Structure formats: structure tokens, C-alpha cells
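S.K.: This is the structure I have questions about; it appears just below.
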Amino acid sequence: MAKRNISILHIVGNRPQFIKLAPVFRAVENRGYKQMIVHSGQHFDSNMSEIFFEELDIPRPDKNLQVHTNGGHAEMTARMMLALEPVISAYRPDIVVVYGDTNTTLAAALTAKKLCIPIIHVEAGSRTGKEYNPEEINRVVVDRISDLLCTPDRESYDNLVQEHLENKAFFSGDVMYDTFLSNKQRVNSENLLMEYSLEKNKYILMTWHRQENTSDKGKMTDIIELLEQIRYKIILPLHPRTKKKLQEFELWDRINKVSNLCITEPVGYLEMIGLLSNCAMTLTDSGGVSKESFFAGVKSLFMVDLRVWPDLENSGWIRHLSQNINENIEFIDSIFQQEKIEIEMPMFYGDGKAAEKIVAEIEKRFNTGE
């Protein structure tokens with residue numbers, strides 16, 4: 001059977017989605033299919049957006065909708081849908097690929113579905129069981145209406161089976177692991193550590209951006225109080241929204257007085273995996289960073305009461321922040337008192353060839369192969 005000349009439209013909007021897009025784009029390119037990229041504009045700062053396309057060697061988006069993160073979830077999703085509909089209608093792709101669990105993901109999937117275009121959901125099946133969580137709503141809805149669900153781990157696949165979506169589910173492995181493996185050797189760790197005055201295995205890498213941790217002054221104060229108690233060097237590439245909230249709640253001066261804290265602008269992907277690979281541990285509220293920490297062989301103290309990666313929690317790679325600040329300090333101290341050794345990593349997220357498997361599955365299910 002001759003290969004059908006299909007077209008694929010990727011719709012992305014934030015840092016983790018650019019990372020997931022990169023290996024899938026290359027795998028599609030290797031097959032010779034036509035493809036296009038639309039950027040919703042959800043992350044628009046150059047350090048949060050443009051640098052990722054440059055570093056990951058993927059083309060600039062064919063279209064940037066410039067729908068930024070102002071307003072509530074409903075407004076943002078609606079504005080994205082309004083902007084996406086004419087674009088998708090004009091391109092009229094055979095397949096739309098969406099990534100992760102953001103408002104961009106939801107808006108893209110809803111718009112494509114109403115235009116009767118098949119949807120591939122990359123990183124499908126993840127569940128926290130918390131319906132109040134905005135990303136959880138996005139995951140559930142997108143999985144229901146997508147045509148192929150590519151799961152990063154077996155846990156996510158099992159979730160889809162329990163929801164009677166097994167006919168659409170496919171365990172591909174994690175495309176973020178593909179990207180990590182293909183880029184980790186590109187980082188000059190010595191120069192990076194020198195630039196930020198860091199010592200290998202002697203600092204904490206922190207990220208802080210989630211709504212749960214930035215919408216309330218009391219919560220932000222609690223996090224600063226923890227930082228004030230930590231006696232190790234911390235580097236924090238600060239998300240623009242978090243900085244804005246710290247200033248709004250009049251906490252900016254206080255956090256800048258934490259003597260062992262180094263606040264930087266957001267960093268690119270290569271710097272991020274370099275910082276990950278050389279830190280002692282991460283302190284984060286990012287599901288992506290907590291998982292990337294595992295890729296880098298370091299443990300993560302997670303600042304949200306959500307079970308994002310059960311395998312990593314059950315095996316001790318992720319620990320949740322305690323309400324008791326002393327317990328958190330004891331855990332951090334225990335990490336720094338242990339010698340970091342290389343260990344064999346469990347294969348929770350596949351073999352680093354997830355993107356190739358996704359494209360092969362698309363060919364199989366949508367009759368595009370030879």
C-alpha cells in the first residue's frame with residue numbers, strides 16, 4: 001500500500017510542551033509527512049518560549065496566536081479556541097497532536113474535535129484523582145475526545161483501561177525522556193556551575209509556579225519560611241507570574257533577603273537539564289520537573305498535594321512537602337548527608353524511543369504506512 005501524504009498539526013503553548021514536541025516533530029519529519037506547529041502564546045517570554053525552539057532544533061511555529069495567560073481559565077480557553085478555529089480550518093490537517101494537560105491542550109482538542117479532525121494526545125492517562133485541579137479536568141476531557149492516547153508510563157495506561165478507554169490507549173513511553181537523553185551530553189556542566197557559583201551535588205534546584213502556590217499570600221509566605229530555614233545553596237529560575245505575585249503580596253523584599261537563595265531569570269532547556277544533573281535534589285511544584293529530576297537521578301521534594309507520578313512516589317524518588325517544616329528540613333539534610341551514587345534507573349518511562357513508537361502507531365491506526 002502506498003504511503004498516504006498526510007499532514008499533521010502540532011499545537012503547543014508552554015515549556016513542557018516544547019520539550020515533548022521536539023522528538024515527535026523529528027520522528028514525523030523522518031517519515032516525510034507534512035507538519036506544522038501552532039503556538040498558542042501561553043508562554044510568551046523569550047526565556048520561556050523562543051529559546052526552547054532554538055535549543056531543541058525545531059522550527060519556529062508557523063503561527064503564534066499570542067493568547068497570553070491573562071484572565072481566568074474559562075476566558076483563556078475560550079480565547080484560544082476562538083483563535084485556533086480559523087487557523088485549523090485554514091490548514092485543514094489530517095491529524096492534530098496535543099501535548100500534556102494545559103489550557104492550550106484542552107482548547108486545541110475541543111476545537112479539533114468540533115472540526116471532526118482526529119486527535120493524538122501525547123502524555124495521556126495521567127491522573128491525580130483531584131477534580132478541583134484545573135489540569136485534571138483538562139486531562140480527563142482531552143482523553144475522552146481524543147482518538148489515540150499515548151501514555152508515558154504503565155500507570156497512565158492502566159488509568160485509561162479503568163476508564164474503559166483501552167481501545168484508544170497505547171503505552172509509548174515518555175517523549176520527555178527521549179528529549180532528555182538526546183540532549184544531556186550537550187551541556188557544559190563546568191561552565192554552567194561556574195556561571196552560577198555552584199558546586200556539583202551541593203545545591204538545591206527550585207522551581208515555583210503553580211496556581212496552588214502563588215494565588216495566596218499565606219501559602220507564599222509558608223514557602224519563604226521554608227527557604228529561610230534551609231542551610232544549603234538554592235537556585236531558583238523564577239517564573240514571571242511568581243515574581244509578579246511576590247511583588248503584589250509585598251514579599252519580594254523578604255525573599256531577596258534569603259541569603260543562600262540565588263534568584264535568576266527563567267533558563268533554557270539545556271541549562272535546566274544541566275542544573276538538574278548537577279544538583280543534590282529539587283524543590284518544585286512542577287510535575288514535569290519532578291519527573292525530569294528522576295531522569296537526572298536526583299530526588300524531588302514536591303510542593304503540591306497531588307500524586308502526579310505514583311511510580312516515583314512509591315519508589316521514593318518524589319516526597320511530598322510536609323506541613324511540619326522540621327520534617328522537610330530533616331529530609332533535605334538527609335539528602336545532603338548521603339553520597340550521590342550512580343544507580344540503575346527503573347524503566348518506568350520507556351526506552352527513550354517513545355516518539356518513534358508514537359509515529360509508528362499513528363501509521364498503523366490511521367493507515368498512513370506503506
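The values are calculated or read from the model by the stated rules, or taken from the named source; none is laboratory data. The structure presented is a predicted model; accordingly, all values stated were derived computationally and were not measured. Here the Cβ is made from the backbone with ideal geometry for all residues, glycine too, and neighbour counts use every protein chain on show.
S.K.: Quickly run through region 274-317 and pick out the residues that are in contact with a helix residue (DSSP H, G or I) (Cβ under 6 Å, 6 or more places away or on another chain), among the β-branched types (Val, Ile, Thr) and either in a helix (DSSP H, G or I) or over 25 Å from SER189 (Cβ atoms) (or both).
M.R.: Correct list: VAL304, VAL308.
S.K.: Among the residues of region 274-296 satisfying the criterion of being surrounded by fewer than 22 Cβ atoms within 10 Å (Cβ to Cβ) and touching a Phe, Trp or Tyr at 6+ places or on another chain (Cβ under 6 Å), which is nearest to LEU312 (Cα to Cα)?
M.R.: PHE295
S.K.: Same structure again: Would you please name the residue that is nearest to GLY71 (Cα to Cα), looking only at residues in region 220-261 that are surrounded by 14 or more Cβ atoms within 10 Å (Cβ to Cβ) and charged (D, E, K, R)?
M.R.: ARG241
S.K.: Quick check on my filter: what residues within region 214-244 are within 28 Å of LEU193 (Cβ to Cβ) and not in a helix (DSSP H, G or I)?
M.R.: Hits for region 214-244 are ILE230, ARG231, TYR232, LYS233, ILE234, ILE235, LEU236, PRO237, LEU238, HIS239.
S.K.: Go through region 188-218 and give me each residue that's surrounded by 13 or more Cβ atoms within 10 Å (Cβ to Cβ) and without any contact (Cβ under 8 Å) to a residue 12 or more places away in the chain.
M.R.: ASP216, the sole residue that qualifies.
S.K.: Could you grab me the full set of residues in region 272-320 that are farther than 21 Å from PRO152 by Cβ, out of contact with any His (no Cβ under 7 Å at 6 or more places or on another chain) and at pLDDT below 95?
M.R.: Correct list: empty.
S.K.: Yes or no: region 142-149 includes at least one residue that is surrounded by 24 or more Cβ atoms within 10 Å (Cβ to Cβ) and more than 23 Å from LEU82 (Cα to Cα).
M.R.: yes
S.K.: Kindly list the number of the only condition in (1) assigned to a helix (DSSP H, G or I); (2) loosely packed, with under 14 Cβ neighbours inside 10 Å; (3) not aliphatic (A, V, I, L, M) that fails for GLU166.
M.R.: (1)
S.K.: Here's a follow-up. Report, by residue number, each residue of region 249-268 that is in a loop (DSSP other than H, G, I, E, B), over 15 Å from GLU225 (Cβ atoms) and without any contact (Cβ under 8 Å) to a residue 40 or more places away in the chain.
M.R.: GLU250
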